[in-house]
Each structure stands twice: as structure tokens, then as C-alpha cells.
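Here's the structure, in C-alpha cells; my notes come after.
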Amino acid sequence: MSGLLVRGGRVVDQSGAGGPVDVLVRDGHILEVGARLTGPTAGATVLDADGCVVAPGLVDLHTHLREPGNEDAETIETGTRAAALGGYTAVVAMPNTDPPLDEAAVVASVLARGATAPCEVVVAGAITKGRAGVELAPMGELHALGVRLFTDDGGCVESAAVMRHALEYARSLPGAVVAQHAEDPTLATGGHMHEGAWSSRLGIPGRPAAAEAVIVARDLMLAELTGTPLHLLHLSTASALDLVRAAKARGLAVTCEVAPHHFTLTDAACEGFDPVFKVHPPLRTAADVEAVRRALADGTVDAIATDHAPHAPEAKERPFEDAPPGMLGLETALALTLTELVEPGVLTIVEALALLSWRPARIAGLGDHGGPVAVGRPANLCVIDPARRWEVDPTRLASRARNTPYAGRKLTGRVRHTVRAGEAVVVDGSAQR
Ligand SMILES: [Zn+2]
């Protein structure tokens, strides 16, 4: 007999947190869950989970894998290895590649390359051709290939009419969700950090908080008009989160995500003009960080998504205003959530994993991911050592890029093993391929 025996961990999934059990995995599925399994385990490879949490694998709604077109920054191979090390068993690849993921042939080639990766790669299709915001991409053809999330991310769909048409068209596609990068370009373009006291002091042109709220308010109206599910990417401001909270209270089909950098860093980080802190939407004020944490705690936010945005070192060595926006996230998101939200009591471990695993899995329509950890389910699991202390060292990340804003930061909690479709792709913190 072969298979895997995840031994002695505490299962945490949508039914809560339990006591120590063994989880036996065979042929890609969970065969048995129980205390001290013996009989059928002979020959199984043992993964020690003593003192660990055994959770459904994490699901990232927002990963930039950079392939095709920018393989100096990341590839499907390096990005999915980083994802597996971060506990992810599925990532949604964003379509702002070169060429963009706006037609069936490009989407099919990314899916084919991702098929053998250590973490499942699903693709978000572009809303408009060339992500130019004018003419709709062939959303039906992309949907037929399995695309469920549509977005022009990296850029905002500026035209309200185009956004309306996209939402109307998506209504006929089962499971489709239209996702917006909410920053009004007429307010944000030319800005490089949050517009406020710090941007004035540093003399860097800013992107106002209102650029986000204006689009969120508009798109909530359009979601209401069309009846199509809307997902708001990487929200960063108190005002946008207030709008979503109110929309949910009136029963609108809206979901939203936040990125770890928006609950752990403020615009003050830009003080040294280091482009590693440049990101769109930008790092905001301490009050916004507080608002993001509150919205996570009260259920307004549906998912923690990384917005993992690798850049080649030379790109991030340019002056602040010339450097591209974005920061790495896949290998630090879980630990930042545990250290900054669970340890101080903002979220319980169950709530944190809901935001990292089963709620995003539901938004992306990924029925094989997000648990529960139960007999018969696909074995997509992550085993977390919640007490493990470690320090972020950019040179030791699996990502091809090095642009993490957390260099030197001490975190608590780390992935020990990741199991993807029954295969141990990370064992004792080491990628197996
Ligand atoms: Zn974005």
C-alpha cells in the first residue's frame, strides 16, 4: 500500500477546529480521518503533523505569474513553487501578461503549462481585448476553457458602459464573476503612492483614496443594475470597505478581497523612497489599515489575496517614480495573517483560514479546493506549524523575484507540508519539485 499519512495534526476547516487526528491519503483523495489510524496505513509515507494545523490548501485569487512575456520576473514553474511553499494548492493567474490572457489560445497554453505545476493554476481572463477597456474579450470562449473570473487587473475598466456590458454578458455564463481593479485612472494615473501627508512631505505625486471609492460605488450600482456577481480586488481604503459593507447589508452579490500589505504596512514605509514599497493601490494611512482589519473581523472582506507581483531586480532598482508597482506575497501571506491578525486576536484561526482557503475557493468556483478535510474529498491540504518563528530572507524565497517588502521581518507560523491532489509537494518546508 502506498499513499500519505499526515500524522497527529489538528484539523481546522469549515466545521471548526478539532483534536489531533491522522489523515490517510491515497489516489489523490482522503481515505480516512481518525485518531491514531493503524490498519490501512502500511506503506504510506508519514508526514509528521505533531503540533500542527491540518487545513484545506490555501487558494489565492490574485497571483501574477508573469508568464508569458515577463519570465525574468517569474515563471509558472517558480511562481507555483512559491505558492506551494506558502501553503497554496490553487492560484488564480492574472491576465496582465504579454500577450494578455484575452483569447482562447493564450489561456489554453497557460493552462497546459500549469497542468503539471505543484499547485493548480486557474486563469482569470481579461474583460476587454488587450485589456484596453474598449471592446469585450471573447468571454464565452474563455468560459468554455474553464475561466470563471474576468478582470482587466493591473488596470481598471474605466468606462462605466463597458463595465455594464461585461456584467451583462457574464450573467449568461454559469459561475462567472467580474472582478475590478478599482482605481479611477482619471484620478490615479501619474500618482505613485497614497495621496496624503506623506506624499506631500516626500514630494511624490499621489493616488487619492477617492480613486478607489469612486469606482467601487459605481460598480456596486452596476452590479445591482445587472444582477451579476461582482468581485472587488485588493481593497485598501476605509471608504471603499464602508461601501461594500452597506451593499452586502442590502443583499447585493458582491465579494471583496484585501492583500496582506494593506493590513500590515502604511504609506510611511515610502519614507526612504524604496520602490519595494510601491504598489497599486498604494499603501494607505494607519486609519485605513485599521479599517481593513475591522472589515476582516466583521466579515465584510471575503478573502485575503496576495496580489503577488514579482518584478526583476533591475526594474525595482529604478527611482521610485519610474519603478513598476507590486510586491511579492505568496510565501508570506499566511504567516503575516497568523502573526498580525490571529496572534493579536483580530481573527480566530478558523476565520483566518476561511479567508485564505474556503471562501476564495467558493468565489473562484474551485470545488476541489477549500476542504472540508473529510473522507472522499480531494487531498488538497496544507499543514501549518503555527508556533514556528522565522525571518523573511529575500534571497531564500522560491520566487524568481526578490521584491518583498518584509525583508528581515520576524513572523510566527510556517507551512510544514503541502499536499496537492494527493502528492506531497512540500515536505518539512522544502519544495519537492
Ligand atoms: Zn490590481
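The values are calculated or read from the model by the stated rules, or taken from the named source; none is laboratory data. Because the structure is a prediction, the values reported are computed rather than measured. Counting neighbours? That spans all protein chains shown, and the Cβs are built from the backbone with ideal geometry, glycine included.
Residues in the range 172-226 that are touching a residue at least 40 places away in the same chain (Cβ under 8 Å) and of a type in the set (D, E, K, R): Glu183, Arg207, Glu212, Arg218, Asp219.
The condition of being touching a Pro at 6+ places or on another chain (Cβ under 6 Å) and away from the ligand (no atom under 16 Å from the Cβ) holds for only one of Val106, Val121, that being Val106. Count of the range 47-95 residues, restricted to those that are within 16 Å of the ligand (Cβ to nearest atom) and closer than 23 Å to Arg362 by Cα, is 11. When the residues of the range 140-167 are filtered to those that are of a type in the set (D, E, K, R) and within 16 Å of the ligand (Cβ to nearest atom), the one that is farthest from Asp307 (Cα to Cα) is Glu158. Here Thr75, Thr80, Thr89 are screened, and the one residue that is free of Cβ contacts under 8 Å to residues at least 60 places away in the same chain and under 17 Å from Ala124 (Cα atoms) is Thr80.
Per the listing Ala297, Ala286, Ala253, Ala305, the residue uniquely in the same structural domain as His181 (by TED's automatic domain parsing) and closer than 17 Å to Ala209 by Cα is Ala286. Filtered by the rule that a residue be more than 16 Å from the ligand (Cβ to nearest atom), in a helix (DSSP H, G or I) and either among the hydroxyl-bearing types (Ser, Thr, Tyr) or buried (at least 23 other Cβ atoms within 10 Å of the Cβ) (or both), the range 278-295 gives Asp288, Ala291. Just a yes or no: is a residue in the range 129-139 within 16 Å of the ligand (Cβ to nearest atom) and either in contact with a Cys (Cβ under 9 Å, 6 or more places away or on another chain) or not assigned by TED's automatic domain parsing to the domain that holds Ser109 (or both)? Within the range 129-139, one or more residues are within 16 Å of the ligand (Cβ to nearest atom) and either in contact with a Cys (Cβ under 9 Å, 6 or more places away or on another chain) or not assigned by TED's automatic domain parsing to the domain that holds Ser109 (or both). Restricting attention to the range 7-19, the residues being in contact (Cβ under 8 Å) with a residue 24 or more places away in the chain and within 12 Å of Gly51 (Cα to Cα) number 5. Just one of (1) more than 26 Å from Gly370 (Cβ to Cβ); (2) surrounded by 14 or more Cβ atoms within 10 Å (Cβ to Cβ); (3) away from the ligand (no atom under 16 Å from the Cβ) fails for Leu111. It is (1).
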